[in-house]
Amino acid sequence: MINGDILRDAIISAANNIAKNRKQCDDLNIFPVPDGDTGTNMSMTLANSARELEKLSGETAGRIANVNASALLRGARGNSGVITSLLFRGFAKGIGDDEFVTPENLADAFALGVEAAYKAVMKPTEGTILTVARVASEHAKEALAAGKNELEIFESAIEGAEKALAETPELLPVLKKAGVVDAGGFGFVLILKGMLSVLRDGVMIESVSSDVDEPSEQSSKNAAGEFETEITFTYCTEFIVNRNPECEKEPNELRLFLETIGDCVVVVDDEEIIKVHVHTDHPGNAIENALTFGQLVHLKIENMRDQHERAKHDAEEMRKKPAKNADRTETFTPAEPTKPVGFVSVCTGDGLAELFKDLGVDVIVSGGQTMNPSTDDILKAVESTPAETVFVLPNNKNIIMAAEQAIPISTRKVIVLHTRTIPQGITAMLTFDPASSDDANAIEMQNAAERIATGQITFAARDSEFDGYSIKKGELMALIGGKISFVDTNLEKSVMKLLKQMIKRDTQFITVIYGEDVTEEQAAEIEAQIQEKYGAKAEITVINGGQPIYYYIISVE
C-alpha cells in the first residue's frame, strides 16, 4: 500500500529525477531564443516541494499530496511549472483526506489533474504536456476498470504518457521538423518515472548538486542599508499555522489580534494553512494566539534593529566595490493598503526598473526571459504593494500563468494584464486612468498594450532549424511579435532592417531600448541613423534599459 511516507519519497525522487535530467529537457526546446527553459522551470518548481516534504514524516497520503500541491503552487515558474503544479493540485483533490493511495483515488487523481490543467490554459495545444498527462490519465482509468491495483495503475499511466510523448511530433509539425519530442511532456514523464522508482522498487533517485535555484552571483547591492528608516516594532515574526480542523475560529480573528500588537500584518490562508507575518515587540503573544488555531511550523523571528545596523555596515562595504548591473535580490516587506490602486511589474535591468518606477509602478520583480519568477515571488511583491487593488504586468508570455496563480491566494484584489513584452507593459502604464474603475482600466490598458508592435534583437542560444530558418548558435535574430523575422550577423544593420519592417505610414512614435551589452557609443550611432531616416515623421526616444539577453527592444506606434 502507498502511505504518506512512500508518497513523500516518491515526489522527492521525482524532483531529483527532473533535476538530474533538466539539461536534456532544456535541450528539447526548439525555439533558439535564450529562455527560462522547460526543464529548468519544472526542476525549480519541484525543488520547492521537495524542500517542504523533507520536513514531514508519518503523515497521511492526503496530507502529503496537499502539502505538495501548495508548495508547487507557490514555487511554480514558467508555463511548464504552472501546468505541473495544476496537475498535482488536481492529484491532491483525487487523493483527498485518505490515509493511503488506493486504485480508485489514484485514477481520480490523474483525471482531476488533467481537468485542472486544461481549464487553466486558454487555448490548449495538443502535442504538449497536456496531451501526455491526458493520455496517462486515460490509461489509468482503463487499468482501474480492469481491476488493477494502485501500482499497476501507475505503471499503466506511465505507459500511456510515454506513448503520447512519442506521438507529440505527429501532433506538432514544428517538433517533427526539429526531430524532437515535446519538452514539457518529456519533463512530466521524468517526474512520473522518478515517482515509480520509489513506488515499485523502493529506490529514491539520488539528488544532484544543482545551482538552478541559486542566483549566479550574490547581489552587490544591499538595499536595506541604503537608507535610514524608523523601525516602530523590533521583531519581524513569520510562521505558518497548520490549521486544526476542529478549530472553528476564522483566520480573520488572528489578523485582528495581530493588528493590536504590531504592524505590517499579513495573514494569508487556505483550507490547510495560515501564513502569518507581523512586526511586533511581543512575538510570544503572536505565537500564543496563533497556537489556538493549530500547530506552528517554519517559525522565524528576527531583530530588525540589529538587522538594520548590520545592513548599514554591509552597505558601506559594498560601496567600495563595483556593482554589476542587474545583480539584485529582492526582499519584499508586506505593507498594509494605503491607496486604492498599485502596480507590480516584472523586468530586468536597472534602466527598465527606473523607467517603470517613474511610470508609477510600486514594486519591481526582477526577472524575465532567462529567469522566470515564481508565483510566490509575484505574490510577495503584490503583498508588499500598499494598495487594495494591484495590477500585475508580467511583460513576458512565460510569466503570465505564474502571475495568475497568485490571484486566489493574495489578500488583495489582483488584476494580471497579459503584457507579453516590455513595450506592452510601458504602454499599459501610460494608459492607466486614475479616474476610471479597475475593470475599465484593465480593459483599456490591455487593449492599448495589444496595439503596440514590439521588435527585439537577441542571439541564438543553440543551433536550430526553426520556422524555415537555419540558425547557428550566436547568430543575431530579429523578432517581431515574438516570431523570427530574419537572421543576421551585423547588429547595426539588423536594427535598421528591423525598423524598416515595423514602420507604417501612420507611425508617430519610435522607442528604442538598448541592453547591457550595447555601449552608449553604439546606441548613439544607432539613434543618429534612426533620426536621419525617420526623424521627420516620428518622435524618437532612445532609453538605456540595461536588460540582458536583448541587445535592442523596439516599439512603434
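The values are calculated or read from the model by the stated rules, or taken from the named source; none is laboratory data. These numbers come from a predicted model, not from an experiment. Positions of Cβ are backbone-derived with ideal geometry, glycine not excepted, and every protein chain shown enters the neighbour counts.
State the number of residues belonging to the stretch 391-444 that are in contact (Cβ under 8 Å) with a residue 12 or more places away in the chain and more than 22 Å from the chain's Cα centre (by Cα). Spell out the reasoning first.
Of the residues in the stretch 391-444, the ones in contact (Cβ under 8 Å) with a residue 12 or more places away in the chain are 391-406, 409-432, 434, 438, 441-442, 444.
Of the ones still in play, those that are also more than 22 Å from the chain's Cα centre (by Cα) are 427, 430-432, 434, 438, 441, 444.
Residues in the stretch 391-444 being in contact (Cβ under 8 Å) with a residue 12 or more places away in the chain and more than 22 Å from the chain's Cα centre (by Cα): 8 in total.
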#### Entry: Residue check for ALA15: at pLDDT 90 or above, closer than 25 Å to MET122 by Cβ, among the small types (Gly, Ala, Ser) and part of a helix (DSSP H, G or I)
no
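With the condition kept exactly as written, say whether any residue in the stretch 337-348 is part of a helix (DSSP H, G or I), hydroxyl-bearing (Ser, Thr, Tyr) and modelled with pLDDT of 80 or more. Explain how you work it out, then say what you get.
If we filter the stretch 337-348 for residues that are part of a helix (DSSP H, G or I), which is where we start, we get none.
Within the stretch 337-348, not a single residue is part of a helix (DSSP H, G or I), hydroxyl-bearing (Ser, Thr, Tyr) and modelled with pLDDT of 80 or more.
Looking at ASP488, ASP463 in this structure, which one is modelled with pLDDT of 90 or more, in contact with a strand residue (DSSP E or B) (Cβ under 8 Å, 6 or more places away or on another chain) and of a type in the set (Asp, Glu)? Steps first, answer last, please.
Details: ASP463 fails: modelled with pLDDT of 90 or more.
The match here is ASP488.
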### Query
Looking at GLU557, is it among the acidic types (Asp, Glu), under 23 Å from ASN395 (Cα atoms) and touching a strand residue (DSSP E or B) at 6+ places or on another chain (Cβ under 7 Å)?
yes
### Query
Right, ASN398: surrounded by fewer than 24 Cβ atoms within 10 Å (Cβ to Cβ), in contact with a helix residue (DSSP H, G or I) (Cβ under 6 Å, 6 or more places away or on another chain) and within 24 Å of GLN547 (Cβ to Cβ) or not?
yes
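Which ones in the stretch 441-456 are under 14 Å from VAL416 (Cα atoms) and among the polar types (S, T, N, Q)? Show your work before the answer.
So in the stretch 441-456, the residues under 14 Å from VAL416 (Cα atoms) come out as 441-447, 449.
ASN441, GLN446, ASN447, listed by residue number.
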### Query
Condition test on GLU230, is it at pLDDT below 85 and under 28 Å from the mean Cα position of the chain (by Cα)?
no
### Task
Restrict the check to the stretch 289-310 and report whether at least one residue is buried (at least 17 other Cβ atoms within 10 Å of the Cβ), within 25 Å of SER43 (Cβ to Cβ), at pLDDT 80 or above and of a type in the set (Val, Ile, Thr).
no
### Query
With the stretch 505-557 as the region, which strands (runs of 3 or more DSSP E) entirely inside it contain at least 2 residues that are over 17 Å from PHE459 (Cβ atoms) and out of contact with any helix residue (DSSP H, G or I) (no Cβ under 9 Å at 6 or more places or on another chain)?
539-544
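Which ones in the stretch 518-541 are among the acidic types (Asp, Glu) and exposed (fewer than 14 other Cβ atoms within 10 Å of the Cβ)?
The first filter runs over the stretch 518-541 and keeps only residues among the acidic types (Asp, Glu), leaving 520-521, 525, 527, 532, 539.
Of everything in the stretch 518-541, those that are among the acidic types (Asp, Glu) and exposed (fewer than 14 other Cβ atoms within 10 Å of the Cβ) turn out to be GLU520, GLU521, GLU525, GLU532, GLU539.
Filter the stretch 465-509 for residues that are polar (S, T, N, Q) and either under 30 Å from the mean Cα position of the chain (by Cα) or not assigned by TED's automatic domain parsing to the domain that holds ALA538 (or both) and give the result. Quick ask: steps written out before the conclusion?
Within the stretch 465-509, the subset polar (S, T, N, Q) is 470, 485, 489-490, 494, 501, 507-508.
Passing the criteria: only SER485.
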### Task
Mind listing whichever residues of the stretch 461-495 are of a type in the set (Gly, Ala, Ser) and either under 16 Å from ASN29 (Cβ atoms) or surrounded by 14 or more Cβ atoms within 10 Å (Cβ to Cβ) (or both)?
ALA461, SER464, ALA478, GLY482, SER485, SER494
### Query
Which residue, of GLN405, GLN446, is crowded, with 23+ Cβ neighbours inside 10 Å and among the polar types (S, T, N, Q)?
GLN405
### Task
Might you let me know whether the stretch 315-334 holds any residue that is within 26 Å of ILE409 (Cβ to Cβ), touching a Leu at 6+ places or on another chain (Cβ under 7 Å) and modelled with pLDDT of 75 or more?
no
